[in-house]
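To start, the structure itself, in structure tokens.
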């Protein structure tokens, strides 16, 4: 069974790692949000791509979910001493990835090719694809004005109140040929428990991608458990955008794209509401602390995929 | 007394540090070769500027002469793991300088301004000036073809036989206004014991610089001691270029630009030959192991400067 996982950062990476254990690597493609990508002291930084790559390579920092385990910060300390910025916590080993990526991009390779080379060097056998080779930049309109995503996320720690989100460059961007082909050929699409607004919707907003996903069996895993996000500002964003702060609120956001939805066992009472959206609802343990829990959740997704039809195929349950 | 030191890497940095101890910092300007500068994995690297800056800042690696003391190599190791190059030994703290420099250059600052900021951040109070804000690249024609300087120097360890040296871009390059002004206002110019061919001659080859130096009292310190270079390929180059491999050979190379020349005590027998070139010859201890030896040599230069006239003033000794 060929599976495509749509992923943002930490939650997406963990579920992708579950599939990496559950499937043969050639059957797994992870399509990763690049709306968070940015330039910093001359380096092209792709936070979500790196989190997915490091997690699949088994070198991610398991405490934080991002960055490399046991990384050091010698460059960052020295950079501050020579007058450089220190607000973005660049580990030394992580920095090496950014240097190599930036150099390969400058040499004319597409981000898709660069990512493939870095994955190969780190021993990642599944396919990790940036959602696009074009530049798309997530902008967060807040009560304090519009902020670049990393400004909002890292420097301002998600404190400003969100009014809307836009993806600058999305109209002119195209999914890469690899992305379109992977979705078209997939037996199932899984939307990982990532932030719907800033991780998944940039992928779905690329011209043609939403329609391609609708043509395949697709399921999503709730990033909201017990009314709170496992990680990041998803719950705060739901609230500030006037949406229902719950797994059901996320399910409604994805209705029309997916046929099935997985809720955490803490949210069993919401299954009926999710089913009311025309979705196949499954309640299970979704919090992924161990490798085993990651794999179990992937298996639950695979089972659910077997029971749903494409949303644009006229098949209903 | 306002002194300008023309310097390459390690030897130049050590003598500059002698002057930094012997003079008030506002009276010292070090003009540094940038012909060795190159781009590596997207970073602008200026080896001689950094060696001078780190030495004056008191953070240089005293063993090697270049790099930062007790630097670590986490990024380099990780860069190799992601498929990047490892032939150029980039320390983590050193790398921070390259990142900051590259970012500031990209923001539109001149290399002179960037160097000034880095020096200020590291507490260097003397003026350190790149010889030019334009791009000049030293190329070494060898029996194995023309090599970029770092290729010749680092990757090939100076092994190929040198036939000639050229400075690509030198005709279109200009000394910075700061360089021209510092030389014009100097009470004396000191050519440091750096490699004549690849450290000092790029500076003198900039349009107008040789003439400006000739208009001031100027002395040089021999980089060749006992027929050998203290560091680097100067002796090997003299040999391969068919020149006399001795302090006297260097003195002849500089005749017409300097009025005085300092030889090491090991080369006392060559003083007469140097004097025969019309130069005021001084024999002293020139090997700079300690801070005190650096300062002593600077004082010897200051004394000699007081006894020489500009070469283009019609005054002879």
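Tabulated data
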| quantity | calculated |
| --- | --- |
| Sites residue A:1 and residue A:158, calculated FRET efficiency, Cβ-Cβ separation with R0 41 Å, nearest 0.05 | 0.65 |
| Global geometry of the stretch A:231-306, whether rounded, prolate or oblate, following the gyration tensor of its Cα atoms and the 1.5 cut on a/c | oblate |
| Cut-off 14 Å (backbone N to label point 7 Å along Cα→Cβ of residue B:113), residues of the stretch B:169-197 | B:177-178 |
| Acute angle (nearest 10 degrees) that the helix A:111-121 long axis makes with the longest principal axis of chain A, alpha-carbon atoms | 80 degrees |
| Per-copy distances of the residue A:141 label point, shortest first, in nm (7 angstrom along Cα→Cβ) | 6.4 |
| Position residue B:83, label points 7 Å along Cα→Cβ, spacing to each other copy in nm (shortest first, one decimal) | 3.6 |
| Nm distances between copies for residue B:276, ranked from closest, using label points 7 Å along Cα→Cβ | 10.7 |
| Sites residue A:293 and residue A:146 - FRET efficiency at Förster radius 30 Å, r taken between beta-carbons, to 0.05 | 0.20 |
| With Cα atoms, 0 to 90° folded angle of helix A:10-22 axis to chain A main axis | 70 degrees |
| Gap separating the Cα centres of the stretch B:119-136 and the stretch B:238-309, nearest whole Å | 26 Å |
| Within a Gaussian network of chain B (alpha carbon springs, distance under 10 Å), most fluctuating of B:268, B:42, B:58 | B:42 |
| The stretch A:111-196: relative contact order in percent, alpha carbon pairs under 8 Å with at least 6 residues between | 28 percent |
| Calculated [θ] (222 nm, deg cm²/dmol) that DSSP helices of n ≥ 4 give over chain A, each run adding -39,500 (n - 2.57) | -10000 deg cm²/dmol |
| Cα gyration tensor shape of the protein assembly as shown, rounded if a/c is under 1.5, else prolate or oblate by comparing a/b with b/c | prolate |
| Top of A:47, A:160, A:223 by mean-square fluctuation, Gaussian network on chain A, Cα under 10 Å | A:160 |
| Long-range Cα-Cα pairs in chain A (distance over 34 Å), rounded percent | 17 percent |
| Rounded tilt (10° steps) of A:47-57 against the dominant C-alpha axis of chain A | 80 degrees |
| Nitroxide proxy distance, nm - points 7 Å out along Cα→Cβ at residue B:27 and residue A:266 | 7.2 nm |
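The numbers here are math on the coordinates, done by the rules we state, and not lab data. Here the structure is a predicted model, which is why all the values come from computation and not from measurement. Because the Cβ atoms are built from the backbone with ideal geometry, glycine has one as well, and the counts that use them run over all protein chains shown.
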